[in-house]
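Data block below; observations after.
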Amino acid sequence: MFPVIRDETRLSLRELTVDDVDAVLAIYGSPKATEHLSFTPCSRDEVSGIVERSVTSATSTPRQEYALAVVERADSQLIGFARLAHDPHQQRAATIGFALRSDTWGVGYGRETVRLLLALAFADLDLHRVWAARAPLNVASEKTLLAAGMAEEGRIRGHVHVRGAWRDSIVYGVLREEWERGEDNRR
C-alpha cells in the first residue's frame with residue numbers, strides 16, 4: 001500500500017520525505033523524547049539515514065514496514081514518527097511504535113497516533129493482531145496504549161539493551177475483533 005494517508009480528528013499519517021529530516025531530528029535527536037525509547041538520541045546523519053531507509057522501504061514489494069510522519073492537520077507540521085512493521089513470527093500481525101515531539105505531549109496526540117496506526121493495520125492492511133511494547137517507566141505510554149483500546153499482555157524480561165543495560169518491556173496487544181468493537185462504540 002503506497003502512499004499511506006490516514007486522518008484522525010487533529011492528526012494525519014503520511015509518507016515520510018527526504019525533506020522531513022530536520023523535523024524527525026527534533027524528535028529522535030531529543031534526549032527528552034527518546035528517554036524511554038530503545039535507542040539513545042540520534043545525530044542528524046543517523047536521522048537522515050533513517051528517513052532515507054523509510055522512503056526507500058515505502059515502495060518495496062511486498063511492503064513490510066510503514067514508517068510514517070505524524071502531522072497536525074491544521075498546519076501540516078510534522079510532530080511525530082510512527083511505525084508499523086509486519087511481524088515475521090506471526091500470521092497477519094504487526095508491531096507498532098511512535099514518538100512525538102515533547103512539546104506536543106499531554107494533549108491526546110499519542111492516543112490519536114495509535115488509533116491511526118490501528119486503523120491502518122486493521123482497515124487497510126486486514127491484519128489480525130497488533131502489538132506494541134513500552135519501557136516500564138513510561139507511564140504516559142501505558143495510559144496511551146490502554147486508551148487506544150490495547151490490552152496489557154505481559155512483560156518481556158531483558159528485552160532491550162539501551163544506555164548500557166538490559167531493560168524489560170511491557171507488551172500490549174489488540175485483536176481485529178476487539179478494535180472493531182471499539183470503533184463501533186466510538187460512532
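The values are calculated or read from the model by the stated rules, or taken from the named source; none is laboratory data. Quick caveat: nothing in here was measured; it's all calculated off a predicted structure. A quick note on method: Cβ atoms are made from the backbone with ideal geometry, for glycine too, and the neighbour counts reach across all protein chains shown. Side chains included, ligands, DNA and RNA excluded: accessible areas come from the protein's heavy atoms. Shrake-Rupley method; radii C 1.70, N 1.55, O 1.52, S 1.80 Å.
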**Message:** Checking the structure you have, find out if any residue of the stretch 115-137 is within 28 Å of HIS161 (Cα to Cα), surrounded by fewer than 15 Cβ atoms within 10 Å (Cβ to Cβ) and small (Gly, Ala, Ser).
**Reply:** no
**Item:** Failed criterion for VAL55 (all others in (1) over 15 Å from the mean Cα position of the chain (by Cα); (2) at pLDDT below 90; (3) open to solvent by 30 Å² or more (accessible area, probe 1.4 Å) hold)
**Value:** (2)
**Request:** Select from the stretch 1-23 the residues that are among the β-branched types (Val, Ile, Thr) and either more than 13 Å from LEU68 (Cα to Cα) or touching a Ser or Thr at 6+ places or on another chain (Cβ under 9 Å) (or both) and write down the one among them that is modelled with the highest pLDDT.
**Result:** VAL21
**Fill in**
For the stretch 58-77, the count of residues that are loosely packed, with under 14 Cβ neighbours inside 10 Å, closer than 25 Å to ALA94 by Cα and more than 15 Å from the chain's Cα centre (by Cα) equals 4
**Flag if ALA94 is surrounded by 14 or more Cβ atoms within 10 Å (Cβ to Cβ) and of a type in the set (A, V, I, L, M, F, W, C)** = yes
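Residue-wise test of (1) at pLDDT below 95; (2) closer than 21 Å to LYS32 by Cα.
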{"residue": "THR59", "(1), (2)": "yes, no"}
{"residue": "ILE96", "(1), (2)": "no, yes"}
{"residue": "LEU100", "(1), (2)": "no, yes"}
{"residue": "ALA119", "(1), (2)": "no, no"}
{"residue": "HIS128", "(1), (2)": "no, no"}
{"residue": "GLY154", "(1), (2)": "no, no"}
**Count of the stretch 157-182 residues which are part of a strand (DSSP E or B), touching a residue at least 12 places away in the same chain (Cβ under 8 Å) and open to solvent by less than 60 Å² (accessible area, probe 1.4 Å)** = 11
**Number of positions in the stretch 1-52 that are part of a helix (DSSP H, G or I), surrounded by 17 or more Cβ atoms within 10 Å (Cβ to Cβ) and free of Cβ contacts under 8 Å to residues at least 24 places away in the same chain** = 1
**Close pairs from the stretch 116-127: first touching a residue at least 24 places away in the same chain (Cβ under 8 Å), partner among the charged types (D, E, K, R) and assigned to a helix (DSSP H, G or I), Cβ under 7 Å, at least 6 apart** = PHE122/ARG176; LEU127/ARG176
**Asked** Can you name the condition, by its number, that ALA99 falls short on among (1) open to solvent by 10 Å² or more (accessible area, probe 1.4 Å); (2) hydrophobic (A, V, I, L, M, F, W, C); (3) outside any loop (DSSP other than H, G, I, E, B); (4) closer than 27 Å to ALA165 by Cβ?
**Response** (1)
